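Read the structure below first, then the notes.
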Amino acid sequence: MVQLGINTCFAVKRWPRPADWAPIVRDTLGLELVQVSLDLIDLTRGEESLARDIEEHLEAADRYGITIHSVFTGVAGYSSNLLLHPSEREREAAERWYERAIEFAARLGVVSVGGHVGAFSVPDWADASRRSELWEDLRKRLDRLASIARSNGLQGFLVENLAARREPSTMADIESLITDGDDEHVPLQLCLDVGHMCVPETDGEERDPYAWLRRLGSSAAVIQIQQTDVFGDRHWPFTTEHDDVGRILPSRVLEALGGAPSAPLIFEVIPAFEAPDDTIVRDLVESVRRWREALAESEVSTV
């Protein structure tokens, strides 16, 4: 049975409180599974604010019958080099930020946390020795975070495939980072975004979302779905306008996965900030409908 859910990035600057987005998710879209975007959470504001955020999320989830599955980095985090920053001071700060994200996720009772882990600067990427040094540093920091996640009761730490070559963006990159975990570490797990296979300096299967799904889909902990084209990372909804030019076909996704995936399928639709508000929910309703139809045609049931 497929779990179909949504990342709350659609709600940024529009429906910022759980009490705002929860009824849209449950009553309008008919979804029960949510991935919380850290764009809606300020992890720097101290315990009182964090406790209030946690209480509001748990109250909304209980009231609307929603399961909060995981916590994920958003556009704000993606704007940073995080664990691959040139400065060790900034990498340390990014690690501390992720520790706070782990604590927040654990107190929400979710299974995993993660997302964008880092991006090389242009000078670091151009220097092969420096690139190798920082990659090993990234692996060590992820190992420490996996240990902290285990001690906080989580089941996994998510590493996302990304859309720029200076980020973890190839199959080999991802395979060098994901782990099975052990008694002291949660697994480092793939969050596979089907819209990120537009990486410059790559070709062939690296630019084919279905090849990624065939090779890594069965081991992914989360599969993020968005409509996109071959030229960029669009995060479009699945509507007639975008499906006409997009390359993500629900039926082909399911075929590449061999039927019902064990990982949840999470909509990650990021509307333009200038888009009319009343079109956002309409487009999400249409997206959910199209995926439910594809699942029904594939005789795969959903929750």
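In the chain, which longest range has no trypsin sites (Lys or Arg not before Pro) that are both DSSP loop (not H, G, I, E or B) and surrounded by at most 12 other Cβ atoms within 10 Å?
It works out to 46-303.
Quick one: Cα centre-to-centre distance for region 186-224 and region 87-131, in angstrom?
20
Leaving out ligands, DNA and RNA, and with a 1.4 Å probe, what % of the accessible surface on the chain is carbon or sulfur?
Here carbon and sulfur together make up 46 percent of the probe-accessible area.
What's the local net charge at I225, with K and R +1, D and E -1, over the other residues with C-beta under 9 Å away?
-2
Can you put S251, S49, S218 in order of accessible area, largest first, using a 1.4 Å probe?
The residues order as S218, S251, S49, largest area first.
Considering the Cα positions of the chain, please state its Rg to one decimal place and its Dmax as a whole number of Å.
Answer for the chain, Rg first and Dmax second: 18.4, 53 Å.
Between the DSSP loop rule and a limit of at most 12 other Cβ atoms within 10 Å, which chymotrypsin sites (Phe, Trp or Tyr not before Pro) in region 204-299 are left?
Those satisfying the criteria are F231, F273.
Within the set of other residues whose C-beta is less than 14 Å from the C-beta of P23, count the net charge using Lys and Arg as +1 and Asp and Glu as -1.
Cβ neighbours under 14 Å give a net charge of -2.
Taking only protein heavy atoms into account and a 1.4 Å probe, give the accessible area per residue of region 21-180 in Å².
Accessible surface, normalised per residue, equals 42 Å².
Around L43, what is the net charge, scoring Lys/Arg as +1 and Asp/Glu as -1 over all other residues with Cβ under 14 Å from its Cβ?
Result for the neighbourhood of L43: -3.
How much mean residue ellipticity at 222 nm does the chain get from its helices, if each DSSP H run of length 4 or more adds -39500 (n - 2.57) and you divide by all residues, to the nearest 500 deg cm²/dmol?
-12500 deg cm²/dmol
To the nearest 10 square angstrom, what accessible area does S147 show with a 1.4 Å probe?
Estimated to the nearest 10 Å², S147 gives 40 Å².
The values are calculated or read from the model by the stated rules, or taken from the named source; none is laboratory data. Since the model is a prediction, treat every value here as computed from it, not as a measurement. Using ideal geometry, Cβ is built from the backbone for each residue, glycine included, and neighbour counts are taken over all protein chains shown. SASA here: full protein model, heavy atoms, side chains in, ligands and nucleic acids out. Shrake-Rupley method; radii C 1.70, N 1.55, O 1.52, S 1.80 Å.
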